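Visitor: Quick one: the structure is below, and I'll ask about it shortly.
The values are calculated or read from the model by the stated rules, or taken from the named source; none is laboratory data. Here the structure is a predicted model, which is why all the values come from computation and not from measurement. Reconstructed Cβ throughout: ideal geometry from the backbone, glycine too, with neighbour counts over all protein chains shown.
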Amino acid sequence: MMKSSRREFLGALLGAPLVVASGCKAMRHEQSFAVSAEAAPEAAITPRVTNYNASGRALIVEGKTLLVALTFTTSMNQLSGSFPVQFEAESAGSQSLTEEQPLYFYPAGDGRSFRTFLSAPLDAIADSYQLRVTARPQNGAQQQASLPYSVQTGAYRQTTLTLDRNFSNPSPEILEQMRHDFQTMLEIYQRRTERRWSKPFVRPVAGPDRANFGDKRTVNGTKHYRHQGLDYRAPIGTPVHAINDGIVALSGEQWTPGQTICIDHGGGVFSKYLHLSERHAHEGDAVRRDDVIALSGNTGGQRPAPHLHLDLVVNGTHVDPTDFMNTAARLIELEG
Ligand SMILES: [Zn+2]
């Protein structure tokens, strides 16, 4: 079984060179760990952990997000971490890939406690994984914590769809466009800007959603993939609202999404709105929660029926938007 990162694999799948800019960044990260370990061995620490789920146990379901609080015995002025989880993409011939998931920490105010979102990607291999944290107290040596989390397979539907054949059998030109779109989003989703949201996330349209995040789809009888976002009922021309404050990271046209907008909410949280008929927000715009940023539509190379597709990305991973909105609301509640 070959191991590689999602970005390398998908880049290769779409015809991109194996080594992309992001790969270099990940390597530098690992090197810095090795160097610091040689200079001064890091003390292993065990922060107190609170898991904000029903059981309080260290358990995450694929596609879902868990809010976690870590409390150290002394105040920390530097904290970083990651939660690498392996997944297996059916479309990749059962290759085992790793989603690195660099984490963003929300300080709790006392200098000793921090909260973070942990997620498991769709198609995660059910197993135990390590939440890795590096912390440095003021004037102190770097410390490391490794905390086990169990990842479980979720209950998702199996569906079949008929879409434009260019989607299941793309020409070299369309494949090149898809590869370009993929690289664009990869670069955006790696950004870690300051958190810009302080209120709960809201729905992008008034209409109901189809609860179809994570569906295991077969398109035109041949193409297998997971539905990585959530669809909302929205006739063409329905006002689309920003789900929270943020900066528009992308406003343009891509092959599968058609007219599309992506908002960087900060803290490694992004929302993306697909198949729009009109875009009213532009790259670099600061938007507020509930602002009308676009009108919904049916654009995109797969020729979808009219609806709004929402992607929610946390730590570089597509997660269930409804589940994430509830988890984020819990964080805000704790912050008072
Ligand atoms: Zn969709």
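Visitor: May I ask you to say which residue of GLY284, GLY301, GLY297 is within 15 Å of the ligand (Cβ to nearest atom), in contact with a strand residue (DSSP E or B) (Cβ under 9 Å, 6 or more places away or on another chain) and farther than 26 Å from ASP123 by Cα?
Guide: GLY297
Visitor: Would you mention how many residues in the stretch 208-226 are on the phi > 0 side of the Ramachandran plot and within 15 Å of the ligand (Cβ to nearest atom)?
Guide: Total satisfying the criteria: 2.
Visitor: Moving on to the next point. Are any of the residues in the stretch 254-270 more than 14 Å from the ligand (Cβ to nearest atom) and among the hydroxyl-bearing types (Ser, Thr, Tyr)?
Guide: No; the residues of the stretch 254-270 include none that is more than 14 Å from the ligand (Cβ to nearest atom) and among the hydroxyl-bearing types (Ser, Thr, Tyr).
Visitor: What is the residue count in the stretch 244-290 for residues that are among the aromatic types (Phe, Trp, Tyr) and out of contact with any Pro (no Cβ under 7 Å at 6 or more places or on another chain)?
Guide: Summing the residues that are among the aromatic types (Phe, Trp, Tyr) and out of contact with any Pro (no Cβ under 7 Å at 6 or more places or on another chain) in the stretch 244-290 gives 2.
Visitor: Tell me whether the stretch 320-330 contains one or more residues that are within 16 Å of the ligand (Cβ to nearest atom), in a strand (DSSP E or B) and within 16 Å of ASN212 (Cβ to Cβ).
Guide: Looking through the stretch 320-330, none of the residues is within 16 Å of the ligand (Cβ to nearest atom), in a strand (DSSP E or B) and within 16 Å of ASN212 (Cβ to Cβ).
Visitor: Do we find that VAL205 is touching a residue at least 24 places away in the same chain (Cβ under 8 Å), assigned to a strand (DSSP E or B) and more than 12 Å from the ligand (Cβ to nearest atom) in this structure?
Guide: In short, no.
Visitor: Right, here's the next one. Mind checking which residues of the stretch 236-253 are within 16 Å of the ligand (Cβ to nearest atom) and in a loop (DSSP other than H, G, I, E, B)? Full working, then the answer.
Guide: Step one: filter the stretch 236-253 for residues within 16 Å of the ligand (Cβ to nearest atom), giving 236, 238, 240, 243.
Selection gives ILE236, THR238, ILE243.
Visitor: Show the residue pairs that are 6+ apart or on different chains and have beta-carbon atoms under 8 Å apart, the first residue being within the stretch 97-118 and outside the structural domain of THR65 (by TED's automatic domain parsing), the second being surrounded by fewer than 19 Cβ atoms within 10 Å (Cβ to Cβ) and at pLDDT 95 or above.
Guide: none
Visitor: Here are HIS282, HIS224, HIS265: which of them is in a strand (DSSP E or B) and either surrounded by fewer than 17 Cβ atoms within 10 Å (Cβ to Cβ) or in the same structural domain as ASP123 (by TED's automatic domain parsing) (or both)? It would help to see each step written out before you state the result.
Guide: Details: HIS282 fails: in a strand (DSSP E or B); HIS265 fails: either surrounded by fewer than 17 Cβ atoms within 10 Å (Cβ to Cβ) or in the same structural domain as ASP123 (by TED's automatic domain parsing) (or both).
Just one listed residue meets the conditions, HIS224.
Visitor: Would you call LEU308 in contact with a helix residue (DSSP H, G or I) (Cβ under 7 Å, 6 or more places away or on another chain), under 20 Å from GLY63 (Cβ atoms), within 16 Å of the ligand (Cβ to nearest atom) and touching a residue at least 12 places away in the same chain (Cβ under 8 Å)?
Guide: On the way: in contact with a helix residue (DSSP H, G or I) (Cβ under 7 Å, 6 or more places away or on another chain): no; under 20 Å from GLY63 (Cβ atoms): yes; within 16 Å of the ligand (Cβ to nearest atom): yes; touching a residue at least 12 places away in the same chain (Cβ under 8 Å): yes.
No.
Visitor: Being among the small types (Gly, Ala, Ser), within 12 Å of the ligand (Cβ to nearest atom) and either under 22 Å from ALA124 (Cα atoms) or in contact with an Asp or Glu (Cβ under 6 Å, 6 or more places away or on another chain) (or both) is the requirement here; does GLY229 meet it? Give the derivation first.
Guide: Details: among the small types (Gly, Ala, Ser): yes; within 12 Å of the ligand (Cβ to nearest atom): yes; either under 22 Å from ALA124 (Cα atoms) or in contact with an Asp or Glu (Cβ under 6 Å, 6 or more places away or on another chain) (or both): yes.
In short, yes.
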